[in-house]
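Data first, discussion second: the structure below is written as structure tokens.
Derivation of every value follows stated rules applied to the coordinates shown; laboratory data play no part. Being a predicted model, the structure only gives us computed values, none of them experimental. With ideal geometry, Cβ positions are generated from the backbone for all residues, glycine too; neighbour counts draw on all protein chains shown.
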Amino acid sequence: MGLRLDVFLLALTILWAPALSDLVLSKVDRRIDLTSQIARITSTLKVENAGSGLVSEVLLAFPESQAKHLAHLTATPNEGKGKVKGSGISYPVQLVHAKDMPPSLTFYSVSLPKELGKGDSFTFDVLAVFTHALKPFPEKITQADIQLLVFQDSAHYLSPYAVKVQTLSVKLPDARIESYTRIENTKNIGSEIKYGPYENLPPYSYSPIVVHFESNQPFAVAEELVREIEISHWGNIQVTEHYKLVHGGAQSKGEFSRLDYQARPHVRGASAIKRLVATLPPRAHSVYYRDEIGNVSTSNLWSDFKKTELEIEPRYPMFGGWRTAFTIGYGLPLHEFLFESDGKRFVNISFGCPINEVVIDTLIVKVVLPEGSRDISVSAPFPLKQWQEKKFSHLDLVGRPVVALEKTNAVPEHNQKFQVYYKFNSLAMLWEPLMLIFGIFFLFVTGIVYMHADMSISKSSASYLAKLQWDEVQAAIQQIRNIITRCLVIHDKVEASLRDLSRTGDIQACKAARKAADGLLKELSKEMKPLLAFLHYLSRLHIYCPRWRSWW
């Protein structure tokens, strides 16, 4: 019912739209690729100037239902059928607000490389990439059900110009088609549906078609992807990517059976996300894959001289509506991505997501430049929202400048090179090593000073004086111990002389020993007397001075 109402309103506004008669599309060949979750429509347009004035631009019209899902639009030269495009040239495309045009249509202008005179013609290709254009129907399925999708478009090319001849082909991932709109000149060949040719179509001709088909392609949607690219002039670029992934296909209902999935994964989990493949630069190193729990070992890495492929497998198969979050990190050699031109350095690196066929709702790329970078500017092949931040890391004083770039509704076509230009003084590279060296030097100097300096608060403080008194008491007690030890030695000599007297009867020798002992004892008594007086004085001080008593 909603589809019929949208088509009715669109047809009603188109009937009142004015035609642009200067240009005529003499031939239109449209090819719709629905083999993945991203819808890609390639249109080969041959425009002819049927008026008398010069024409320098061509208008492209999109219904509002398609315009809100438009992720990428580009116009390129037509190289001929079957030829590989290698020129890399594209024509400027910009959003325009054409006057007196229906509000339900969105117009883009393609600037031609040269003006077309009367009777001149020009052929070019237009690639339009749409996200979230494929709708699951039914919206909820069980583990054993297949995933069916619905796509809506027009069999006629919607344009403000008249179309002489037009064809359309719709490429599907499989030949199993539930249903599709059948109109004049429609045929189905395998996995391809062809409409046309249709001739002499008026401006704004619109013939709605609906294709209902089977597709078990994984709908990997990154609700948010934050890529941090940290530049180090010491020879390395560290890339860290934080993913918040969801399966955007038909929602899973009912219970999940691990046993059924393990037994028949291609039947009991045909539309589940089982693995993802990230294509990294060829000399990527130190690759890791982890989530909130820790390192995930279910990954494989292949590398050659062209690319490095990282195959990651989530901890569980992801069915419709299931979510997961993980981080991928790797290092890159600096000399392959950092260059210098006109006195400025610039980083030339890819913008988009390395994982194949992932739709990104919000993509944020942060380029962390070395501390001291200045005069920063960005050059990108498509419009971006940008701002600057600061990041503090080890040995940083003012922080490292961070260039943040944001793109919504990003697709693999946005995985193009962009450049960040900045100025940087090479001598600033010595700042961190010198700071580290001087820091260690001052640490050792501080240790030496601490070991040799008197750290007392004041020599007149009570604590300091109490410590001096305590040291003097300890010294006095030690001297008294030495005197007592000497007295005991003298006593032992007297006892030895008495034993000799009882054995030999030599009274004179005993008297001489006794006399010598008395003399020594008198001398030791004189030495001990001042020590005892000093201790007696301190004991009295200890009794009458509470301030001193608190420190004893």
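Points to keep in mind about this one:
- Longest to shortest principal axis, alpha-carbon extents of the range 240-398, angstrom: 63, 34, 34
- Amide H contacts under 5 Å for G51: G119, restricted to partners 5 or more places along the chain or on a different chain, H placed in the peptide plane at 1.01 Å from N.
- 3J(HN,Hα) from dihedral phi, the range 499-509, Karplus parametrisation 6.51/-1.76/1.60, rounded to Hz, x for glycine, proline: 5, 5, 5, 5, 8, 10, x, 7, 6, 5, 5
- Residue ranges 500-512, 137-149 sort as 137-149, 500-512 when ordered by packing (mean number of other C-beta atoms within 10 Å per residue, highest first).
- Among F351, H414, I312 - extreme Cα towards positive end, dipole of the range 220-430, charges at beta-carbon: I312
- Full-stretch length increase - E336, T485 - with 0.36 nm per residue and alpha-carbon distance subtracted: 45.2 nm
- Each Cα pair under 8 Å and six or more residues apart adds its separation to the average, and for the range 220-430 the resulting relative contact order is 25 percent.
- A value for percent of Cα pairs over 36 Å apart was derived from the coordinates, and within the list (i) 54; (ii) 50; (iii) 58 it appears as (iii).
- Annotation: amide H of H156 within the under-5 Å range of S207, sequence separation 5 or more or interchain, hydrogens built in the peptide plane.
- Percent of C-alpha pairs per 5 Å bin in the range 202-253, short distances first: 4, 13, 11, 12, 10, 10, 11, 9, 7, 6, 4, 2, 0.
- Using the Karplus relation 6.51 cos²θ - 1.76 cosθ + 1.60 with θ = phi - 60°, the per-residue 3J(HN,Hα) values for the range 345-358 come to 9, 8, 9, 10, 8, 6, 8, x, 8, x, 7, 5, 6, 10 Hz, with x marking Gly and Pro.
- Separation between Cα centres of the range 360-439 and the range 85-131, rounded to whole Å: 34
- Protection proxy ranking, peptides 298-306, 219-227, 64-72, average beta carbon neighbours within 10 Å, highest first: 219-227, 64-72, 298-306
- In order along the range 169-177, phi translates into HN-Hα couplings of 10, 10, 9, 10, x, 8, 7, 7, 10 Hz, rounded to whole numbers, per the Karplus curve 6.51 cos²θ - 1.76 cosθ + 1.60 with θ = phi - 60° and x for Gly and Pro.
- Taking the chain and dividing mean pair separation by its residue count, relative contact order in percent (alpha carbons under 8 Å, at least six apart): 11
- Stokes-Einstein translational diffusion, the range 368-459 - Kirkwood Rh over all Cα pairs, 1.567 mPa s, 4 °C, in µm²/s: 75
- For the range 220-430, the dipole from Cβ point charges (+1 on Lys and Arg, -1 on Asp and Glu) about the Cα centre works out to 160 debye, to the nearest 20.
- Partners for K390 among lysines (Cα-Cα distance below 25 Å; same-chain residues under 8 apart left out): K244, K344, K366, K407, K417, K423
- Amide H contacts of K135 (H built 1.01 Å from N, in plane; Pro and chain starts excluded): V150 sit under 5 Å, all sequence-distant by 5 or more or on other chains.
- Overall form of the range 25-138 per C-alpha gyration tensor (a/c, 1.5; a/b vs b/c): oblate
- For q = 0.13, 0.18, 0.22, 0.25 Å⁻¹, Debye-computed log10 I/I(0) when each Cα of the range 463-542 counts as one equal scatterer: -0.55, -0.77, -0.96, -1.10
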